[in-house]
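J.: Quick one: the structure is below, questions incoming.
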Amino acid sequence: VSGFFTAQEKLTISSLAQTMIPDDAVAPGAGPAHVEDYIDFGMTYADPDEQRAWKEGLASLDQASRERFGKTFAVISSPQRTELLSTLAANEADPKTPAEKFFVQSKQSVSTGYYTSKIGLMDDLKYKGNQPNDGVMPTCEELTGKTTASRTHDANAPAMKCEAAPEEVASTEVA
């Protein structure tokens, strides 16, 4: 079901997302997570400027693909997609071309779509949901293998810092 994008545009988004976040040994990638549906749903209700930016961005990605490989992004091979995105990513800090700008724009949407999906959240990040702890927090040693905790007085710093006890540091020094 498409809300905003054409079937061809959704295929391009799916190919883009799967290239950015491919299947690996930990979890399926963005394709099986249907990131294109997440982006399509979001764009259905987005403001017209954002919708136009996505349409133009997809067109610029296809144009860059045609110039380099003679075919649109959705039909080039997976290694070609990776090569093209690597080229676009090289200028991520200071994108100049429409395709480079679209790469930066789409990367955020793809990662958000993936990591808010069941596959990204549960399979890849191994999130198990809120787990009861009966008021018992893990110790520093359980968390880090270090045995002491010190509280910091900096309000912006983490509440607890685990570090080795002075006797642990002394015992590991070589005389």
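The values are calculated or read from the model by the stated rules, or taken from the named source; none is laboratory data. Note that this is a predicted model, so its numbers are computed, not measured. Please note: Cβ atoms are built from the backbone with ideal geometry, for glycine as well, and neighbour counts cover all protein chains shown. For accessibility, only protein heavy atoms count, side chains too; no ligands or nucleic acids. Shrake-Rupley method; radii C 1.70, N 1.55, O 1.52, S 1.80 Å.
J.: How do the pairs read when you match residues in the range 38-51 that are in contact (Cβ under 8 Å) with a residue 60 or more places away in the chain with residues anywhere that are assigned to a helix (DSSP H, G or I) and crowded, with 16+ Cβ neighbours inside 10 Å, using Cβ under 7 Å and keeping only pairs 6 or more apart or on different chains?
T.: Tyr38/Gly113; Ile39/Ile13; Ile39/Ser109; Ile39/Gly113
J.: Okay, next question. Tell me which residues, restricted to the range 19-49, are under 22 Å from Leu84 (Cβ atoms) and among the hydrophobic types (A, V, I, L, M, F, W, C).
T.: If the condition is that a residue be under 22 Å from Leu84 (Cβ atoms) and among the hydrophobic types (A, V, I, L, M, F, W, C), then Met20, Ile21, Ala30, Ala33, Val35, Ile39 are the ones that fit.
J.: Now for a different question. Would you point out the residue of the range 104-140, among those that are modelled with pLDDT of 75 or more, more than 11 Å from the chain's Cα centre (by Cα) and among the hydroxyl-bearing types (Ser, Thr, Tyr), that is most open to solvent (accessible area, probe 1.4 Å)?
T.: Ranking the candidates gives Tyr127 first.
J.: Considering the range 6-19 alone, what residues qualify as being modelled with pLDDT of 95 or more and either in contact with a Cys (Cβ under 9 Å, 6 or more places away or on another chain) or among the hydrophobic types (A, V, I, L, M, F, W, C) (or both)?
T.: Leu11, Ile13, Leu16, Ala17
J.: Still on this model: Any idea which residue in the range 94-103 is nearest to Asp24 (Cα to Cα), counting only those that are in a helix (DSSP H, G or I) and open to solvent by 60 Å² or more (accessible area, probe 1.4 Å)?
T.: The extreme case among them is Lys101.
J.: Could I ask something else about it? Only one of Ala53, Ala17, Ala30 is crowded, with 16+ Cβ neighbours inside 10 Å and over 15 Å from the mean Cα position of the chain (by Cα); which?
T.: Ala53 is the lone residue from the list that is crowded, with 16+ Cβ neighbours inside 10 Å and over 15 Å from the mean Cα position of the chain (by Cα).
J.: Anything in the range 1-13 that is buried (at least 21 other Cβ atoms within 10 Å of the Cβ) and either closer than 16 Å to Ser77 by Cα or small (Gly, Ala, Ser) (or both)? List them, or say none.
T.: Once the filter is applied, which keeps residues that are buried (at least 21 other Cβ atoms within 10 Å of the Cβ) and either closer than 16 Å to Ser77 by Cα or small (Gly, Ala, Ser) (or both), the range 1-13 yields Thr12, Ile13.
J.: Just to be sure I understand, how many residues within the range 33-50 are buried (at least 20 other Cβ atoms within 10 Å of the Cβ) and among the small types (Gly, Ala, Ser)?
T.: 1
J.: Starting from the range 53-78, take each residue that is at negative phi and of a type in the set (Phe, Trp, Tyr) and list its partners that are open to solvent by 20 Å² or more (accessible area, probe 1.4 Å) and at pLDDT 95 or above, counting only C-beta distances under 7 angstrom and pairs at least six apart or across chains.
T.: Partner pairs satisfying both residue conditions: Phe69/Gln80; Phe73/Asp62; Phe73/Arg81.
J.: Let me ask something additional. Quick check on the range 59-102: of everything there that is among the polar types (S, T, N, Q) and more than 19 Å from the chain's Cα centre (by Cα), which residue is farthest from Leu11 (Cα to Cα)?
T.: Looking at residues that are among the polar types (S, T, N, Q) and more than 19 Å from the chain's Cα centre (by Cα), I get Thr97.
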